[in-house]
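Structure record follows, encoded as structure tokens.
Rule-based calculations on the coordinates, nothing more; no lab input. No experiment lies behind these values; they were computed from the predicted model shown. Virtual Cβ from ideal backbone geometry, glycine too; neighbours counted across all protein chains shown.
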């Protein structure tokens, strides 16, 4: 059976990758999952300088998932290149680096630095984090801003770029088309939905940031719908994510039109979730006599 998929000219051995921000930079989960067995490891967001993130509390459990307002805390590109990248290379993983910034120039700084490292296969540009007040949320919710940053990043990138779309928009198809027209090589969606939780006993917000990104099984039906809409509105590959917990979830995204899938919050509940989903996809293909995973992608019947 062939489970390989192509994302912007990069061949992945299977369609299962990690969702940025839920898998560290790979090393944190390497005792549970063989990184080179995954389709790709998508790192936590990397910025041009260290980011402290938002004040605590930054995580709250909710029915059907979780809220987070980490604020893309990370040690910056220098530490990533010196510490995290060598580990990923040694692990023989396919590497996708998630890039974040507050301004276009900050994104470009990181993209140019990563251009010096061909061992990085793809760049995922995070323009849609709902709990970073500057930069990301503005880029991800405005078609003109998304077009501008996509063009600028593409002009400086050595690797193909994946633009990560926000669901917190009126028409996500418009955003997907804007990114494609501006030169994006692929799209990933959905990022988290903006949500809130209030502690009725303390009468205080559960998150210091007040709002956070909702992820987990609760958002899967919304994610499936948006992935289907965007996959049928653009010609570039779409990577689907949002509430994927089981191999059945992953198959559903593939049928909706996703070329690959990313597993996020499930990693916190089950550290071997990605491995289990890969095995489940193989078993499903075998049970249904499917010899090529391409026969699944977008093959939902009316």
Give the separation of the Cα centroids, region 202-270 to region 144-174, in Å. 18
Set the Förster distance to 22 Å, then compute FRET efficiency between residue 255 and residue 11 from the Cβ-Cβ distance, nearest 0.05. 0.55
With Cα springs under 10 Å, the Gaussian network model of the chain assigns the largest mean-square fluctuation among 60, 186, 260 to 60
By the Cα gyration tensor axes a ≥ b ≥ c (a/c under 1.5 gives rounded; else a/b larger than b/c gives prolate, otherwise oblate), the shape of region 25-99 is oblate
Within a Gaussian network of the chain (alpha carbon springs, distance under 10 Å), most fluctuating of 53, 45, 216: 53
Whole-number percent relative contact order across region 93-207, with pairs defined as alpha carbons under 8 Å at least 6 apart: 23
What is the calculated FRET efficiency for residue 286 to residue 198, with r their C-beta to C-beta distance and R₀ = 51 Å, to the nearest 0.05? 0.60
Summing -39500 (n - 2.57) over the DSSP H runs of n ≥ 4 in the chain and dividing by its residue number, what mean residue ellipticity at 222 nm do you reach, to the nearest 500 deg cm²/dmol? -8500 deg cm²/dmol
What do you get for Rg/Rh over the chain if you use C-alpha atoms and the Kirkwood form of Rh? 0.94
Of 68, 209, 286, the one that fluctuates the most in a GNM where the chain has Cα springs shorter than 10 Å: 286
